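The values are calculated or read from the model by the stated rules, or taken from the named source; none is laboratory data. Quick caveat: nothing in here was measured; it's all calculated off a predicted structure. Neighbour counts run over all protein chains shown; Cβ positions are idealised from the backbone, glycine included. Side chains are part of the model used for accessible areas, which takes the heavy atoms of the whole protein and leaves out ligands, DNA and RNA. Shrake-Rupley method; radii C 1.70, N 1.55, O 1.52, S 1.80 Å.
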Amino acid sequence: MAVEMRLPVARKPLSESVGRDTKKHLVVPGDTITTDTGFMRGHGTYMGEEKLIASVAGSVERVNKLICVKALKTRYNGEVGDIVVGRITEVQQKRWKVETNSRLDSVLLLSSMNLPGGELRRRSAEDELAMRGFLQEGDLISAEVQAVFSDGAVSLHTRSLKYGKLGQGVLVQVSPSLVKRQKTHFHDLPCGASVILGNNGFIWIYPTPEHKEEDAGGFTANLEPVSLADREVISRLRNCIVSLVTQRMMLYDTSILYCYEASLPHQIKDLLKPEIMEEVVMETRQRLLEQEG
């Protein structure tokens, strides 16, 4: 079996040829953001000696008179309406604990999900006994954030047929700050695979299902063998996402699709080589700049 050996090389700085909108005001803890006392203090900042000072490393964001610092690398901070992908870690009384890349485990209540077949009724003791039959430890789910508690913990719900248990696919974990907020985070890509871009940095890549109407309340996972062609598409998409994350590019349907198209001349395994990774992402960045005009 052929083994490829690589010697260590000096790490090059990320490309300077970035878009107009990516030239942000970056700060590190202790940097003075402004000395103007007319601004309000937001997340990631504090007041000291009549100056607004950064408490985390990240980019400065300003909304009218409110200034906050968005950390470049952080745990997921939930917001109502976010789409998340999570893993069941524990089955408790009338609830599941879900790992969603946040500081605390999220909660999915038995009353916050559809019953099999979409029945609308009060949850009974029989439903509570059958909880492990619905979802058990290790299952992956997609859900929406219903509420955020005062301690930062997140409450989820799956009251829609597009949410529920996930079947066969690949999970990629990235920094939540790299996932772009959009109206929809469920994308069927023309290459034959679909992605769920979780706001919490968990990205699920799976073969596009042929029949979407036959969902049984989001509990039945399709466990049929996945064809080789679909597996190759999923593997290529996974390596494309890893390439974009390495170059600190925002992840959304257009950037992933452009990166996939730019990677087609290369073999799937070669996409993890640093020089090919850089070349593919550079071509993706150029196409995105041309699209913006």
**Prompt:** Does region 162-212 hold any residues that are touching a residue at least 12 places away in the same chain (Cβ under 8 Å) and β-branched (Val, Ile, Thr), and which are they?
**Reply:** Val170, Val172, Val174, Val179, Val195, Ile196, Ile203, Ile205, Thr208
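Quick grid of which residues meet (1) within 14 Å of Tyr76 (Cβ to Cβ); (2) of a type in the set (D, E, K, R):
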| site | (1), (2) |
| --- | --- |
| Thr89 | no, no |
| Asn114 | no, no |
| Met131 | no, no |
| Phe134 | no, no |
| Val145 | yes, no |
| Asp151 | no, yes |
| Thr158 | no, no |
| Gly169 | no, no |
| Val179 | yes, no |
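Going through region 139-190 one residue at a time, which ones are polar (S, T, N, Q), surrounded by fewer than 16 Cβ atoms within 10 Å (Cβ to Cβ) and part of a strand (DSSP E or B)? Can you show your working first?
Of all residues in region 139-190, those polar (S, T, N, Q) come to 142, 146, 150, 155, 158, 160, 168, 173, 175, 177, 182, 184.
Checking the rest, the ones that are also surrounded by fewer than 16 Cβ atoms within 10 Å (Cβ to Cβ) come to 150, 160, 168, 173, 182, 184.
Answer for region 139-190, where residues must be polar (S, T, N, Q), surrounded by fewer than 16 Cβ atoms within 10 Å (Cβ to Cβ) and part of a strand (DSSP E or B): just Gln173.
Kindly establish whether Arg87 is assigned to a strand (DSSP E or B), in contact with a Leu (Cβ under 7 Å, 6 or more places away or on another chain) and open to solvent by 90 Å² or more (accessible area, probe 1.4 Å). Break it down stepwise before answering.
Values: assigned to a strand (DSSP E or B): yes; in contact with a Leu (Cβ under 7 Å, 6 or more places away or on another chain): yes; open to solvent by 90 Å² or more (accessible area, probe 1.4 Å): yes.
It is true that Arg87 is assigned to a strand (DSSP E or B), in contact with a Leu (Cβ under 7 Å, 6 or more places away or on another chain) and open to solvent by 90 Å² or more (accessible area, probe 1.4 Å).
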**Prompt:** How many residues does region 179-202 hold that are farther than 12 Å from Ile234 by Cα and either under 12 Å from the mean Cα position of the chain (by Cα) or polar (S, T, N, Q) (or both)?
**Reply:** 14
**Item:** Odd one out for Glu126, checked against (1) outside any strand (DSSP E or B); (2) among the acidic types (Asp, Glu); (3) at pLDDT 90 or above
**Value:** (3)
**Prompt:** Consider Leu223 against the criteria (1) aliphatic (A, V, I, L, M); (2) more than 30 Å from Ser112 (Cβ to Cβ); (3) at pLDDT below 90: it satisfies all of them except one. Which criterion is unmet?
**Reply:** (2)
